Amino acid sequence: MGFSKRNKVSAEFSMSSLTDIIFLLLIFFILTSSVVKVDVKLPISDSKTQAPQDISVIVKKNGKLTFNGQSSTWNKLEKRIAAHVKYHGNKDNATVLIISEVGVPWENVSKVMKIAAGLKIKAVIATQPRSN
């Protein structure tokens, strides 16, 4: 009774081609990201999308801030947003709606966005609808 040797099939996967593709993609994104220049003007939007309005921050040209209809300062803004999110317990869906007057320096809008990012909540910039 002769037993024959069975050849085992190797179930190995060659990763060399996959790593080549990943390196090519990495090089592509590194090269294109250094070429992109950001020159942003706030657009007039055709969008009909409505953002949740649980937190609104109005930034005026004269530097005044309004948080949910109440006057605020830059120093108190982060604490007020954090307290609002904590009190309402809706951190996953909390969104800061940034309403900025025409002519407000972009740095002021960016400050509000950084505060929202620091608190790990979403920020949406309100745009003016296109007039027909």
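The values are calculated or read from the model by the stated rules, or taken from the named source; none is laboratory data. Not measured: the values here are computed from a predicted model. Heads up, the Cβs are rebuilt from the backbone with ideal geometry, glycines too, and the neighbour counts pull from every protein chain shown.
Applying the criterion of at least 3 residues that are surrounded by 17 or more Cβ atoms within 10 Å (Cβ to Cβ) and either aliphatic (A, V, I, L, M) or at pLDDT 85 or above (or both) to the strands (runs of 3 or more DSSP E) found wholly in region 42-86 leaves 55-59. Filtered by the rule that a residue be within 23 Å of Gly63 (Cα to Cα), without any contact (Cβ under 8 Å) to a residue 12 or more places away in the chain and within 18 Å of the chain's Cα centre (by Cα), region 85-129 gives Glu107, Ser110, Lys114, Ala117. Residues that are closer than 14 Å to Lys64 by Cβ and surrounded by fewer than 15 Cβ atoms within 10 Å (Cβ to Cβ) within region 87-132 comprise Glu101, Gly103, Pro105, listed in sequence order.
With respect to the conditions (1) closer than 30 Å to Gly118 by Cα; (2) surrounded by fewer than 10 Cβ atoms within 10 Å (Cβ to Cβ); (3) modelled with pLDDT under 70; (4) among the small types (Gly, Ala, Ser), Gly2 falls short on a single one, namely (1).
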